[in-house]
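Before any comments, here is the structure.
Just so you know, all these numbers are worked out from the coordinates, no wet-lab data involved. It should be emphasised that the depicted structure is a prediction, and the values quoted were computed from it without experimental measurement. Glycine also receives a Cβ, built like all others from the backbone with ideal geometry; neighbour counts cover every protein chain displayed.
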Amino acid sequence: MHLEPDKEVKIEVTQCECHLMKKGDCLYLKGPMVDKDKSDTICVTALLAIYPWIMTARFGVESKNLEFDQGCYRVWCPEKLVEFSIRPV
């Protein structure tokens, strides 16, 4: 099976009420790998919860049914304390 070319992805904190992260924090992925040099820290619980949207961005899927709008997905962590934008770069 061959999927679309794997895109780099930027995950940005766009709203935050959590003391562990702050608005503007970013995580950059190159395929399945975290770009440690460019990335801030991220909550693993949130990362696991938003991973389905990360995969859709990595493979170029743009679905309004999955909340794709204005070039990115907007999703929340499980506690609804942090909103993320997820976009291919």
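Assorted remarks:
- Range in the chain, longest, excluding exposed GluC sites (Glu not before Pro) [loop by DSSP; at most 16 other beta-carbon atoms within 10 Å]: 18-61
- Given 16 as the ceiling on other Cβ atoms within 10 Å, longest exposed-site-free region of the chain for trypsin sites (Lys or Arg not before Pro) in DSSP loops: 39-79
- Pairs of lysine residues in the chain that meet both criteria, 8 or more places apart or on different chains and Cα atoms under 22 Å apart, total 19.
- Our analysis of segment 8-88 gives Rg over Rh at 0.93, with the two radii drawn from alpha carbon positions and Rh computed by the Kirkwood formula.
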